[in-house]
Structures are given as structure tokens and as C-alpha cells.
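First the structure, in the form of C-alpha cells, and then the observations on it.
The values are calculated or read from the model by the stated rules, or taken from the named source; none is laboratory data. A quick note: this is a predicted structure, and the numbers were derived from the prediction, not measured. Don't worry about glycine lacking a Cβ; one is built from the backbone with ideal geometry, like all the others, and counts go over all protein chains shown.
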Amino acid sequence: MLRHDVTLAAPDAVPLSEPSAPMILEGLASTGDVDIERVQFAPFAFDPLPSSVPLHFDHRLDQPGRIEHLAHNDRGERMISAYVDHPLAVRCGAWSVNGDVLEFTLHDTGSAAFFARVQKIKLREISLVPRPVNPGAKVPRRERPSPMSAYIATSLQRHDLLIQHAKCIEKLGELLLKEVRAVLLLKKMSSRFCGPRRCAVLIN
């Protein structure tokens, strides 16, 4: 950046929508534009798209909902549709992608219009953000989810709670098993190093 005397601009904030959750948010998760960090994604750079991609809020671990649909349009841009029930994330008007760059090329390196074109990237997560690095990655459409979408979301939340409950029970069982083994080991050691009468006093 110093070589070209270029200062990167800070992302502009996208006005927040009125509070309303849950909602189905749709738009382009990324486009072919050169963003404010001088990065451009080549058409179909994310191909093949993962079968499952987590949805985050501002690239944090918060899970504000789930991605319902992710695909490429004819221009190779990433189209997204997501069910969002997080009270803050649902108000965001833009998307941002995060991944591991596998291939890239540099262009116009001798001028202030330089940029890096990402040819191949492994998608890690997509976030709803208030300040997008790519001004074209907006949320142009939002609508109330159908009753079936709400039912599926509730079922998934219930499923997650059941899994957490099962893991807690499994952990408790492991702790109880360790305690039983410790008691048995203590009895075995006691019977080996002391007489039967004294052991009875120690154990009881």
C-alpha cells in the first residue's frame, strides 16, 4: 500500500433494518467487484461450494441462524438465503465471506488500481455484518419465514438441546465409572496391605 501511496478506506456502515425476528434474508454473499481491501473473487472461485457452511454474526462464533440455500448465479457470484433469528444479526444489511485462499493472481501492480484476484478459495463461513468490505454484498430482500421454516428451526434447536443433554449424561456416566473404579482400586489395595479385620474398619 505504501508503494502506491494508497490508504484503504474503512467499510461504510449499511443502515440497520427495523428490529424483527425471525426473518429470511437473501442476497449476494460475494460479488466479482474489487472490494475496499483491493481483493476480487474470480467467477466460481468458491466452486465446489461446501455442503454445509456455518452462518456467523460479524465473523464471531455467534450462530444467528442457518444458511438455507447457497449457490452460484450465471456470473459465478455467490447467492445466499438464510434463516436468521438473532435480534442484532437480523437487522444487518450486508454479507461477508471468510475462507482459506488456495490460488490468487496479482494485477496492475504498478499502479494505484492494483488488486489481487482470488482464483480459488475454500469457504469457511459467511457472516451477516453491519460494515461490509464488499459494498455489493447487500441484503436486498427480507421476508417472514413460512410456518414450516419456523417449525424446522424450532425442531433443530430442540435437537441441539437433546444432543447437549445426551453429552452431559455421557459425561456424568464417565465420572461415575471413574469413581467406582477408584473405590474398587482402594479396596484392592487395602486388602493387599492390611489384615482383614483392619481393612474392614478402614473401608467401613
Qualifying residue in the range 112-123 (condition: over 15 Å from D35 (Cα atoms), at pLDDT below 95, hydrophobic (A, V, I, L, M, F, W, C) and not in a strand (DSSP E or B)): no
Condition check for A89: within 14 Å of V139 (Cα to Cα) and more than 20 Å from the chain's Cα centre (by Cα): no
A45 is checked against (1) at pLDDT 95 or above; (2) surrounded by fewer than 13 Cβ atoms within 10 Å (Cβ to Cβ); (3) within 19 Å of V133 (Cα to Cα) and fails just one. What number does that condition carry? (2)
Kindly provide the set of residues from the range 74-111 that are within 28 Å of S20 (Cα to Cα) and either of a type in the set (F, W, Y) or in a strand (DSSP E or B) (or both), ordered by number. R78, M79, I80, S81, A82, Y83, V84, A94, W95, S96, V97, N98
When residues of the range 14-30 are limited to those that are under 20 Å from the mean Cα position of the chain (by Cα) and assigned to a loop (DSSP other than H, G, I, E, B), the one modelled with the highest pLDDT: P22
Condition first: under 15 Å from L25 (Cα atoms) and buried (at least 18 other Cβ atoms within 10 Å of the Cβ). Now tell me which residues in the range 69-84 satisfy that. L70, R78, I80, A82, Y83, V84
